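Asks: After the C-alpha cells below, expect a handful of questions from me.
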Amino acid sequence: ENTPEKEISPRLLVTLSLTLNGGNGKVWATVKNDFQLFPSTVNVIVQLFYSASYCEDYNQMTMIKIDSIEDLNMGSTFTVPASTDEKERFWMARMRYREDNGSWNERTVSARYSASGEYMGLT
C-alpha cells in the first residue's frame, strides 16, 4: 500500500521587538526584526494611538498614525513617529505582523508621555 509522503516545510521563526519612545515633542514606535531563522517576508503594520487618560483598549483611543512595511529584514528597524501636539497623553503602539502569508500576530506597548515627549511612567 502506497501512502503519499507529506511535504515538510521548515517552521518559520521571527522575533520582533516593539518599543515606544519619546522626546523633542514627539512619540515614536519602533519595531526591530531581532532574529529570523529562515528567509521569509515579514509584513509589519504599526499604529499609534493616544488618549487623555490611561486606557488598555486601543479601540477606545484616537489613532493618530499608521504606517507599514512589506518586508522587515533581520537586523532592520521600522519607526513610526507622531507629534505630541504639546499635550501630555497616554500613548499606545500596536504592531501587527505576519510571516509570508501566515496568520497575523499582534503586540502592543503603552506609556504616558509629557507634552515635550518625555516618558512619565506606565499609567
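Asks: Given the Cα-Cα distance of S83 and N24 and 0.36 nm per residue of separation, how much length would full extension add, in nm?
Replies: 20.3 nm
Asks: Taking the chain, how many lysine pairs are there with alpha carbons less than 27 Å apart, if each pair must be eight or more places apart or span two chains?
Replies: Taking the chain as the scope, the lysine pair count is 4.
Asks: Once you charge only the Cβ atoms, +1 for Lys and Arg and -1 for Asp and Glu, what is the size of the charge dipole of region 64-123 about its Cα centre, to the nearest 20 debye?
Replies: 260 debye
Asks: Under a Cβ-only charge scheme (Lys and Arg +1, Asp and Glu -1), can you give me the dipole magnitude of the chain about the Cα centre, in debye to the nearest 20?
Replies: 420 debye
Asks: Still on this structure: Report, by chain and number, residues whose modeled amide H sits under 5 Å from the one on S40, excluding near sequence neighbours (fewer than 5 apart, same chain).
Replies: Under 5 Å from the amide H of S40: no residue qualifies.
Asks: Would you kindly derive the ³J(HN,Hα) couplings of region 108-117 from the backbone phi angles with the Karplus curve 6.51 cos²θ - 1.76 cosθ + 1.60 (θ = phi - 60°), listing them in order in whole Hz, with x for Gly and Pro?
Replies: 10, 8, 8, 5, 9, 10, 6, 4, 8, x
Asks: The chain: longest stretch without exposed chymotrypsin sites (Phe, Trp or Tyr not before Pro) (DSSP loop, at most 13 other Cβ within 10 Å), sites themselves excluded?
Replies: By the stated rule (loop sites, at most 13 other Cβ atoms within 10 Å), 1-53.
Asks: Could you check how much of the accessible area of the chain is carbon and sulfur, as a whole percent, using a 1.4 Å probe?
Replies: The value for the chain is 46 percent carbon and sulfur by accessible area.
Asks: Find which of A82, S53, S114 sits farthest along the positive direction of the dipole of region 34-123, computed with +1 on the beta-carbon of Lys and Arg, -1 on that of Asp and Glu, about the Cα centre.
Replies: Result: S53, furthest along the dipole toward the positive end.
Asks: With a probe of 1.4 Å, find how much accessible area region 69-123 has per residue, and write the answer as a whole number in Å².
Replies: Counting only protein heavy atoms, the per-residue value for region 69-123 is 55 Å².
The values are calculated or read from the model by the stated rules, or taken from the named source; none is laboratory data. Values in this document were obtained by computation on a predicted structure and should not be read as measured data. As a convention, Cβ positions derive from the backbone with ideal geometry for all residues, glycine included, and neighbour counts pool all protein chains shown. Protein only, heavy atoms only, side chains kept; ligands, DNA and RNA dropped before computing areas. Shrake-Rupley method; radii C 1.70, N 1.55, O 1.52, S 1.80 Å.
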